[in-house]
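In what follows, a single structure is set out as structure tokens and then discussed.
The values are calculated or read from the model by the stated rules, or taken from the named source; none is laboratory data. Computed from a predicted structure; not experimentally measured. Every residue, glycine among them, receives a Cβ derived from its backbone with ideal geometry; neighbour counts consider all protein chains shown. Remember, those area values only see protein heavy atoms, side chains included, never the ligands or the DNA or RNA. Shrake-Rupley method; radii C 1.70, N 1.55, O 1.52, S 1.80 Å.
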Amino acid sequence: MDTLNTNTDGQLPAVSVIMPILNEERHLREAVEAILAQEYDGEMEVVLALGPSTDRTDEIAAQLVADHPQVHTVPNPTGRTPAALNAAIKASRHPVVVRVDGHAALSAGYIATAVRLLAETGAMNVGGIMFAEGTNAWEQAVAAAMTSKIGVGNAVFHTGGEAQRADTVYLGVFRREALEQQGGYNEEFIRAQDWELNFRIREAGGLIWFSPELKVSYRPRPSVKALAKQYKDYGRWRHVVARYHSGSINLRYLAPPTAVCAIAAGIVVGAALTPWGFVVPAGYLAAIVAGSVPAGKGMSLKARAQIPVALATMHMSWGWGFLTSPKSLAKRVIASRRPAVMAPSASN
């Protein structure tokens, strides 16, 4: 029997929930309360790694600590996500580590289901669906784009699918031993640190498992500018992963940069040589408009009208970030080679 089924007292394994927090005043309380509301019979703690926020995040975190003895905080002076995650892992103490973001909300039964799946599958990390949902028309449009195949390809943690072995999963519920064996997250990866860590776990023979039983609500970026920055950074750092881990790229990741190059070439040819060059950008525009129709089913007219904007922002920003990712980033990451190995914590 897997040791995660029960401990020596016949109880479920204790769980540490780790959260990287920076400027999360809008959603932090909701995210933590969704964790504390989980029906889980094992012991649980919540560790908030606080970056240098410029809003009311620290005030809200302090109140959560005062109201709930399971919640405590650790500092993250850099504000970087992987550094926050490593600080929270080091400060936590239980054999199961659940990663949650400050703008995400766990579905009912998430932790209990994840612990069961770890035991049943023998996986080192399990995760589920990134269930994007918005509170206004723009966020709803982004959510629709992020859960459609025209927006994100065949990534099952975005679009859903059957339980299966996966390259990576959204957030993740880990066996602590996997994190300690890998030395935690590589702090040089400002973005794509989840994908990079899961790659190392897989390379070491560990199983990453996706299950649609697990669902986490995600709040999309609130503006075109914020979405563009998010996806430019995604593309930029995904290229760094490809340089750092040869053989880790596939056609899905090459589609956005290819689209950027084709559209730019079409515009140049159309403007300088022949109007036929505009066929490529026009064809792309027609494709995302057509693709937004099924993606926006049941949504308001205002939200549906913004889905093509969200799709184009995601595609073009990701592709541009990938194409312009400086080689100096990869050199810095390669120089580090591995994240700093954290000292093993006492596990219950």
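Overview of results
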| read-out | value |
| --- | --- |
| Failed criterion for Ala295 (all others in (1) within 27 Å of Leu171 (Cα to Cα); (2) in contact (Cβ under 8 Å) with a residue 40 or more places away in the chain; (3) open to solvent by 30 Å² or more (accessible area, probe 1.4 Å) hold) | (3) |
| Spans of strands (runs of 3 or more DSSP E) in region 47-119 with at least 2 residues farther than 15 Å from Asn23 by Cα and under 21 Å from the mean Cα position of the chain (by Cα) | 96-99, 104-106 |
| Qualifying positions in region 248-288 - open to solvent by 70 Å² or more (accessible area, probe 1.4 Å) and either among the charged types (D, E, K, R) or farther than 24 Å from Asp233 by Cα (or both) | Arg252, Ile267, Val268, Ala271, Ala272, Leu273, Pro275, Trp276, Phe278, Val279 |
| Region 7-56, subset without any contact (Cβ under 8 Å) to a residue 60 or more places away in the chain, open to solvent by 10 Å² or more (accessible area, probe 1.4 Å) and hydrophobic (A, V, I, L, M, F, W, C), residue farthest from Arg116 (Cα to Cα) | Leu50 |
| Residue match in region 231-240 (condition: at pLDDT 95 or above, open to solvent by 50 Å² or more (accessible area, probe 1.4 Å) and aromatic (Phe, Trp, Tyr)) | no |
| Residue check for Glu139: over 27 Å from Gln38 (Cβ atoms), among the charged types (D, E, K, R) and open to solvent by less than 10 Å² (accessible area, probe 1.4 Å) | no |
| Residue selected from region 170-214 under the condition of a type in the set (Asp, Glu) and not in a helix (DSSP H, G or I), by the criterion surrounded by the most Cβ atoms within 10 Å (Cβ to Cβ) | Glu188 |
| Qualifying residue in region 104-119 (condition: among the polar types (S, T, N, Q) and closer than 18 Å to Arg176 by Cβ) | no |
| Output for region 57-92, where each listed residue is crowded, with 17+ Cβ neighbours inside 10 Å and among the hydroxyl-bearing types (Ser, Thr, Tyr) | Thr57, Thr73, Thr81, Ser92 |
| Condition check for Lys302: under 23 Å from the mean Cα position of the chain (by Cα) and surrounded by fewer than 21 Cβ atoms within 10 Å (Cβ to Cβ) | no |
